[in-house]
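The values are calculated or read from the model by the stated rules, or taken from the named source; none is laboratory data. Just so we're clear, the structure is a prediction, and the values are computed from it rather than from any experiment. Cβ placement follows ideal geometry from the backbone for every residue including glycine, while neighbour counts extend to all protein chains displayed.
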């Protein structure tokens with residue numbers, strides 16, 4: 001499982017002009033589910049993100065999402081499973097089957113909620129527009145495989 005975490009001042013996702021999810025201060029989490037990813041990968045991803053000290057406090061990277069009263073906008077992004085190694089057209093052979101990918105993406109969102117983080121989501125398999133104001137900018141990568149962050 002590959003996730004891109006961006007610290008934001010605000011963010012929202014729209015589908016056909018309708019806002020389907022929005023947060024103020026917090027993080028946008030783009031989740032890419034790959035073949036072979038498991039519930040354990042989703043759980044450790046959510047746990048890692050909930051505990052990430054990526055907000056300023058006594059130091060530039062000192063506080064968690066909960067400690068700053070932030071939220072998470074979690075968006076499925078299958079293109080994170082893409083490869084550009086051959087040719088010029090991305091290959092998505094490593095992307096998980098959509099039904100399974102949706103379950104695992106939602107499990108990440110649920111894991112963040114269980115950790116006390118308010119969560120908004122995008123709409124799975126929809127053409128979404130994600131509007132965000134990156135804060136910092138701070139962008140972190142979280143990769144999980146075999147039930148651990150790698």
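Below are the figures for this structure:
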read-out: Criterion (surrounded by fewer than 16 Cβ atoms within 10 Å (Cβ to Cβ) and in contact (Cβ under 8 Å) with a residue 40 or more places away in the chain) met by exactly one of 22, 58, 46; value: 22
read-out: Filtered residue count, the range 65-102, keeping only those that are without any contact (Cβ under 8 Å) to a residue 60 or more places away in the chain, outside any helix (DSSP H, G or I), farther than 16 Å from residue 121 by Cβ and in contact with a strand residue (DSSP E or B) (Cβ under 7 Å, 6 or more places away or on another chain); value: 4
read-out: Qualifying residue in the range 80-90 (condition: touching a helix residue (DSSP H, G or I) at 6+ places or on another chain (Cβ under 6 Å) and either surrounded by 12 or more Cβ atoms within 10 Å (Cβ to Cβ) or within 19 Å of residue 143 (Cβ to Cβ) (or both)); value: no
read-out: Within the range 128-150, tally of residues that are at pLDDT 95 or above, outside any strand (DSSP E or B) and over 15 Å from the mean Cα position of the chain (by Cα); value: 2
read-out: Members of the range 103-122 that are over 12 Å from residue 49 (Cβ atoms) and assigned to a loop (DSSP other than H, G, I, E, B); value: 116, 118, 122
read-out: Within the range 30-57, tally of residues that are part of a strand (DSSP E or B) and out of contact with any helix residue (DSSP H, G or I) (no Cβ under 6 Å at 6 or more places or on another chain); value: 1
read-out: Failed item in (1) part of a loop (DSSP other than H, G, I, E, B); (2) in contact with a helix residue (DSSP H, G or I) (Cβ under 9 Å, 6 or more places away or on another chain); (3) surrounded by 14 or more Cβ atoms within 10 Å (Cβ to Cβ), with residue 125 passing the rest; value: (3)
